[in-house]
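Visitor: Below you will find the structure I want to go over with you.
The values are calculated or read from the model by the stated rules, or taken from the named source; none is laboratory data. Given the structure is predicted, the values throughout are model-derived calculations rather than measurements. In this analysis, Cβ positions are derived from the backbone assuming ideal geometry, glycine residues included, and neighbour counts consider all displayed protein chains.
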Amino acid sequence: MTAAGILQILLFCAAVTAGAIPLGAYMARVYSGERTWLSPLLRPVERAIYKICFIRPETEQHWTAYAFALLAFNLVGLLVLYAVMRVQAFLPFDPAGQSAVAPDLAWNTAVSFATNTNWQNYAGESTLSYLTQMVGMTVHNFTSAATGMAVLVALIRGFTRRQARTVGNFYVDAVRSIIHILLPASALMALFLVWQGVPQNLDAYTAATTLEGATQVIAQGPVASQEAIKMLGTNGGGFFNANSAHPFENPTAFSNFVEMAAILLIPAGLVFSFGRMVADTRQGRALFLAMGILLVAGIAVCYQAEAVGNPALSRLGLDVTAGDNAPGGNMEGKEVRFGIANSALWATATTAASNGSVNSMLDSYTPIGGMVPMVNMMLGEVVFGGTGSGLHGMIVFVILAVFIAGLMVGRTPEYLGKKIEAREVKLAVLCILIFPLAILSLGGLSMVLPAGLAGMSAPGPHGLSEVLYAFTSAAANNGSAFAGLSGNTPYYNSTLGVAMLIGRFLVIVPTLAIAGSLAAKKIVPPSAGTFPTHGGLFVGLLIAVILVVGGLTFFPVLALGPIVEHLLLAAGTLF
Amino acid sequence: MIKQLLPSLALTIVLTLLLGLAYPFAVTGAAQALFPRQAHGSLIEKDGRVIGSELIAQGFAKPEYFHPRPSATTAPDPADPAKTIPTPYNAANSGGSNAAPTSKAYVESVRTLVEQVEAENPESARNGPVPVDMVTASGSGLDPDISPEAAEFQVPRVAKARGVSEEALRALVTDRTRPRTFGILGEATVNVLALNLALDARFPVRR
């Protein structure tokens, strides 16, 4: 670790916090339907959309209707995306002449983008046409993010409403997320990225003759407009195969800093929105603190492991010391302009959130460095998490934490004035259990089926890590990968698709059920016996619950993968 | 049921037009007006021909040029499209090696690279170890930069091949070194293509 590296990490944390607070206030106003300084410009667009689309914004939905609208909207989007990929060869804006995407790959990719996972079994520049990138990938980057945000807003309404039948209108929440938040932010960020060097064109791939006389075909495209929402919507599916490690997606240290901040800005801002919407900003601050502590701990472990580097390479007599003129450390799969600190920071932030973009290749991380992103996802991506989905996941853990606290003192648990009873706790546990169930059962299956074993590129415990990472990333709707895994096979395309669907919709539906159940309850004023949920004690309890639940569930398999690999590497064993 | 599906269908169509066409086209228009060079991929032309992009690494193997980092990009095998073959600096299929840190084959491949770099730069190899970024493949396979230490390591070789003094070359490298952005962000870098173009302009190879 270097002083410069640590300073950049601190600067990053400060920038995210400073940006999230005003953004949180803005988003709270948007979801409450209040005027903002952008309203004169954006309200007419919003109203026009309602009018064209047969949406009656004043009509509120019961949680079941809300869930049905959400599922219908996502299903239609998924089918359209699948169709676009299958027929892209017959559509315009295809200068590279891409052929139809194979059915299993198109299924995997359509599910992946509809669930905000954005797992890449395809290589963007050699598989997708410009039109597919625009009307397929870019559109889904917006809509899947808006879906997560809508679920969160419905859940917040569960706490703020008293004895209400409805939790809001899905279409309104989704459209507002896109028109008032995601679209203006993306347009601004896209132009910033072009300034830094990200291409934005519809040109054919450029054939260059290099200085030494070779021919180099340089992929082009409308990259910046997709890159912006890819980061802001915690999507992570790259325009190019190498994702944000590619100089055209992430050309400078400055673009890298802004992209990293963009990953966490909206999820962190929503935590502050939450505090404002429940009219108790201390509650938002407490959750922010719990998330912040987990994030910083992850960054520290990952950065340290990568800065020390790979002992097997150090034995070759390489210079791995970091300094002002050399990045040092484990540089396999990393870019010089980012160095170790920014790579480790990105890896941690992108898996804390459900972004899944990479600016360095995680498969080549040291065992412990690569375990940090895996653990982040296994905790359920509640450390800021996906846009909306992170905080609604966190609130599920909060329900569990107040339940455990209630058991300890022998009182009915409550949160924000709502009594947490058997139904909410059961639904919360369902949300939490569905996730390890998908990872461990599908991962275990892959360890016995020949089709599963065939995908591993790495020998030894690292092979297990590759498969485990894939299913964790899919179920957590993250999308980052230990990319050595040959995932573009019928077996992995279909099973990973199933994991993504389970991890997305089998969590969203119970969460909306919690929202409906809470909205129907009275609000009880706090009494002397109420366990305060804004103090240090609660933050500590919440972190402990997250770590114990995640840790106990996944520790055995982590011991067989990255932990044993780390010990063997230190002892000099290679495979 | 139909009543619920209708808004979903309509909204999908409207959002596809707005976010899938209007938004990228508007950004394209604005980008090409404001930053035309970057919007078209920061291409570099020499004598009217595109020789590459400032942001994309290209292969250099001759001793008189500075060499970029190793690239693990691939391309489909012409003999069997289901397989891939190593095709370094393939800017139409980016990617890293994704080699596992505990892979014997990987560590052996790095050892081979170290030996190759040492053989190419015997003078520097006598004076110190090889900087790690010279023998590890970048994440994109297209990393346009090397570290200042990696450039310094190659200075004696390039100076000899071009018949110029190491001091003059070192001054050029220092001049072309980009420090951390705002003095703090990222790492110091040397853009290999820009440096090699400057080399050709300042110290042409005598033939």
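Visitor: Somewhere in segment A:119-135, is a residue more than 21 Å from A:N235 (Cβ to Cβ) and of a type outside the set (D, E)?
Guide: For segment A:119-135, residues more than 21 Å from A:N235 (Cβ to Cβ) and of a type outside the set (D, E): absent.
Visitor: Within segment B:159-176, does at least one residue satisfy the condition of being within 30 Å of A:I563 (Cβ to Cβ), more than 7 Å from chain A (Cβ to nearest Cβ) and within 22 Å of the chain's Cα centre (by Cα)?
Guide: Within segment B:159-176, none of the residues are within 30 Å of A:I563 (Cβ to Cβ), more than 7 Å from chain A (Cβ to nearest Cβ) and within 22 Å of the chain's Cα centre (by Cα).
Visitor: Taking the stated definitions as given, is A:G487 at negative phi and within 14 Å of another protein chain (Cβ to nearest Cβ)?
Guide: The answer is yes for A:G487.
Visitor: Out of contact with any strand residue (DSSP E or B) (no Cβ under 8 Å at 6 or more places or on another chain), among the acidic types (D, E) and within 7 Å of another protein chain (Cβ to nearest Cβ), is that true of A:E227?
Guide: Considered against the rule, which asks whether it is out of contact with any strand residue (DSSP E or B) (no Cβ under 8 Å at 6 or more places or on another chain), among the acidic types (D, E) and within 7 Å of another protein chain (Cβ to nearest Cβ), A:E227 comes out as no.
Visitor: Are any residues in segment A:188-216 farther than 14 Å from B:R49 by Cα, within 7 Å of chain B (Cβ to nearest Cβ) and of a type in the set (G, A, S), and if so, which ones?
Guide: Of everything in segment A:188-216, those that are farther than 14 Å from B:R49 by Cα, within 7 Å of chain B (Cβ to nearest Cβ) and of a type in the set (G, A, S) turn out to be A:A190, A:G197.
Visitor: Please indicate, with yes or no, whether at least one residue in segment B:181-188 is surrounded by fewer than 24 Cβ atoms within 10 Å (Cβ to Cβ), more than 9 Å from every other protein chain (Cβ to nearest Cβ) and hydrophobic (A, V, I, L, M, F, W, C).
Guide: no
Visitor: Working only within segment A:47-97, note down all residues that are of a type in the set (S, T, Y) and under 29 Å from the mean Cα position of the chain (by Cα).
Guide: A:Y50, A:T64, A:Y66, A:Y82
Visitor: Which condition from (1) touching a Leu at 6+ places or on another chain (Cβ under 6 Å); (2) part of a helix (DSSP H, G or I) is the one that A:F93 breaks?
Guide: Against the list (1) touching a Leu at 6+ places or on another chain (Cβ under 6 Å); (2) part of a helix (DSSP H, G or I), A:F93 comes up short only on (2).
Visitor: Could you tell me whether segment A:535-548 includes any residue that is farther than 24 Å from A:L289 by Cα and free of Cβ contacts under 8 Å to residues at least 12 places away in the same chain? It would help to see each step written out before you state the result.
Guide: Pass one, segment A:535-548, residues farther than 24 Å from A:L289 by Cα: none.
No, the conditions are met nowhere in segment A:535-548.
Visitor: Right, something else. Yes or no: A:I523 surrounded by fewer than 21 Cβ atoms within 10 Å (Cβ to Cβ), among the hydrophobic types (A, V, I, L, M, F, W, C), closer than 23 Å to A:I404 by Cβ and modelled with pLDDT under 95?
Guide: Working: surrounded by fewer than 21 Cβ atoms within 10 Å (Cβ to Cβ): yes; among the hydrophobic types (A, V, I, L, M, F, W, C): yes; closer than 23 Å to A:I404 by Cβ: yes; modelled with pLDDT under 95: yes.
Judged against the criteria, A:I523 is a match.
Visitor: Can you tell me which residue in segment B:28-78 is farthest from the other protein chains (Cβ to nearest Cβ), limited to those that are surrounded by 24 or more Cβ atoms within 10 Å (Cβ to Cβ) and of a type in the set (V, I, T)?
Guide: Selected residue: B:T73.
Visitor: Are any of the residues in segment A:327-350 away from chain B (no Cβ under 14 Å), touching a Leu at 6+ places or on another chain (Cβ under 8 Å) and surrounded by 24 or more Cβ atoms within 10 Å (Cβ to Cβ)?
Guide: Yes; the residues of segment A:327-350 include at least one that is away from chain B (no Cβ under 14 Å), touching a Leu at 6+ places or on another chain (Cβ under 8 Å) and surrounded by 24 or more Cβ atoms within 10 Å (Cβ to Cβ).
Visitor: State whether one or more residues within segment B:118-140 are in a helix (DSSP H, G or I) and at the interface with another protein chain (Cβ under 7 Å from one of its Cβ atoms).
Guide: So far as segment B:118-140 goes, yes, one or more of its residues are in a helix (DSSP H, G or I) and at the interface with another protein chain (Cβ under 7 Å from one of its Cβ atoms).
Visitor: Report whether or not A:F142 is at the interface with another protein chain (Cβ under 7 Å from one of its Cβ atoms) and either under 23 Å from A:G356 (Cα atoms) or aliphatic (A, V, I, L, M) (or both).
Guide: The answer is yes for A:F142.
Visitor: Let me ask something else about it. Do we have B:D80 as in the same structural domain as B:I146 (by TED's automatic domain parsing), charged (D, E, K, R) and under 27 Å from the mean Cα position of the chain (by Cα) here?
Guide: Working: in the same structural domain as B:I146 (by TED's automatic domain parsing): yes; charged (D, E, K, R): yes; under 27 Å from the mean Cα position of the chain (by Cα): no.
Answer is no for this residue.
Every residue, every condition in (1) surrounded by fewer than 20 Cβ atoms within 10 Å (Cβ to Cβ); (2) of a type outside the set (G, A, S), yes or no:
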position	(1), (2)
A:G77	no, no
A:F90	yes, yes
A:F93	yes, yes
A:G97	yes, no
A:A100	yes, no
A:N108	no, yes
A:T115	no, yes
A:Q120	no, yes
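Visitor: Which condition from (1) closer than 16 Å to A:T138 by Cβ; (2) more than 7 Å from chain B (Cβ to nearest Cβ) is the one that A:N250 breaks?
Guide: For A:N250, the exception is condition (1).
Visitor: Take B:A91 and tell me if it is aliphatic (A, V, I, L, M), within 13 Å of chain A (Cβ to nearest Cβ), assigned to a helix (DSSP H, G or I) and farther than 16 Å from A:V336 by Cα.
Guide: Criteria not met by B:A91.
Visitor: Same structure again: Failed condition for A:S99, given (1) within 18 Å of B:L19 (Cβ to Cβ); (2) assigned to a loop (DSSP other than H, G, I, E, B); (3) small (G, A, S), with all others met?
Guide: Single failed check for A:S99: (1).
Visitor: Can you tell me which of A:G561, A:G550 is surrounded by 15 or more Cβ atoms within 10 Å (Cβ to Cβ) and within 14 Å of chain B (Cβ to nearest Cβ)?
Guide: Of the residues listed, the single one that is surrounded by 15 or more Cβ atoms within 10 Å (Cβ to Cβ) and within 14 Å of chain B (Cβ to nearest Cβ) is A:G561.
Visitor: Ok, one more. For B:A151, are the conditions met, namely being small (G, A, S), assigned by TED's automatic domain parsing to the domain that holds B:T74 and closer than 30 Å to B:E45 by Cα?
Guide: Working: small (G, A, S): yes; assigned by TED's automatic domain parsing to the domain that holds B:T74: yes; closer than 30 Å to B:E45 by Cα: yes.
So B:A151 fits the description; yes.
Visitor: For segment A:471-504, name all the residues that are within 17 Å of B:A99 (Cβ to Cβ) and hydrophobic (A, V, I, L, M, F, W, C).
Guide: Scanning segment A:471-504 gives A:A481, A:F482, A:A483, A:L485.
Visitor: Regarding A:A150, is this residue in contact (Cβ under 8 Å) with a residue 12 or more places away in the chain and in a loop (DSSP other than H, G, I, E, B)?
Guide: no
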